[in-house]
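Down below is the structure, laid out as structure tokens.
The values are calculated or read from the model by the stated rules, or taken from the named source; none is laboratory data. Since this is a predicted model, take the numbers as computed values, not measurements. Because the Cβ atoms are built from the backbone with ideal geometry, glycine has one as well, and the counts that use them run over all protein chains shown. Areas reflect the complete protein model, heavy atoms only, side chains present, ligands, DNA and RNA absent. Shrake-Rupley method; radii C 1.70, N 1.55, O 1.52, S 1.80 Å.
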Amino acid sequence: MMRPKIVLFGDSITEQSIRENGWGVPLANAYSRRADILVRGYGGYNTRWAMFLLKHLFPLDSTTPPIATTIFFGANDAALLGRTSERQHVPIEEFKENLRKFVRHLKECSQTMQIVLITPPPLSEEGRLEYAKSQYGENATKVPERTNEVTGQYANACVEVANELGVWYINLWSKMQEIANWQTKFLRFVTTWPREIVTLI
């Protein structure tokens, strides 16, 4: 008998979720006897690019669709125009419509699948600039290519879509900022999570 599947669909934060201390590890442990965790994370991807993968990852004719799927995009969509990562930018209304298409497709795959939208996490502009300098030295960008304020707008848009379509969501952008010193507490720019957030997923 084939084991049930839980799919984690997203960008690099999902791709790195099964590294040491990543948020996918406790999920895999928690469901080790009940389901297989399949990581489908694509570094650098936004919702526009992920749309090309949707029907390949979740074919409508599958006889064994996932029992649950997390959709975790927005960090790249929120990249600013006119900055070094502008090719990743997706306008916020298109971002919302892409999330709607993801959810509607998954519901068409399975009426019983549990769907969880996860907002992009907060970011520290200062931390990102320091990281860029450590990687590229004097050639590093001097202005952030993303801001926490704009990322928060995409987080709110994600929550709006979840409420509109009646699916679960985790407002990671808000939840993480409730933790003291969140800007420096998380390694690798929030690819690891505090336990209280992991247990929400």
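Summary of values
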quantity: Residue pairs meeting the criteria (Cβ under 6 Å; at least 6 apart or on separate chains; first basic (Lys, Arg), in the stretch 132-158; second at pLDDT below 85 and open to solvent by less than 30 Å² (accessible area, probe 1.4 Å)); calculated: Lys133/Ala140
quantity: Verdict on Thr84 being modelled with pLDDT under 95, under 30 Å from Val150 (Cα atoms), part of a loop (DSSP other than H, G, I, E, B) and open to solvent by 60 Å² or more (accessible area, probe 1.4 Å); calculated: yes
quantity: Unmet criterion (only one of (1) buried (at least 20 other Cβ atoms within 10 Å of the Cβ); (2) in contact with a strand residue (DSSP E or B) (Cβ under 7 Å, 6 or more places away or on another chain); (3) under 23 Å from Gln153 (Cα atoms)) for Asp77; calculated: (2)
quantity: Close pairs (8 angstrom Cβ cut-off, 6 or more residues apart or separate chains): without any contact (Cβ under 8 Å) to a residue 40 or more places away in the chain in the stretch 1-21, open to solvent by less than 20 Å² (accessible area, probe 1.4 Å) and part of a loop (DSSP other than H, G, I, E, B) anywhere; calculated: Arg3/Ala35
quantity: Test: residue in the stretch 57-77 that is touching a Cys at 6+ places or on another chain (Cβ under 7 Å) and among the small types (Gly, Ala, Ser); calculated: yes
quantity: Residues of the stretch 1-55 that turn out to be open to solvent by 70 Å² or more (accessible area, probe 1.4 Å), farther than 21 Å from Met113 by Cβ and of a type in the set (A, V, I, L, M), as a count; calculated: 1
quantity: Candidate set: the stretch 149-167, residues that are farther than 15 Å from Phe73 by Cα and either modelled with pLDDT of 95 or more or in contact with a Leu (Cβ under 9 Å, 6 or more places away or on another chain) (or both); chosen: the one surrounded by the fewest Cβ atoms within 10 Å (Cβ to Cβ); calculated: Gly166
quantity: Residue satisfying all of: in the stretch 87-144; at pLDDT 95 or above, among the β-branched types (Val, Ile, Thr) and open to solvent by 40 Å² or more (accessible area, probe 1.4 Å); farthest from Arg40 (Cα to Cα) among these; calculated: Ile92
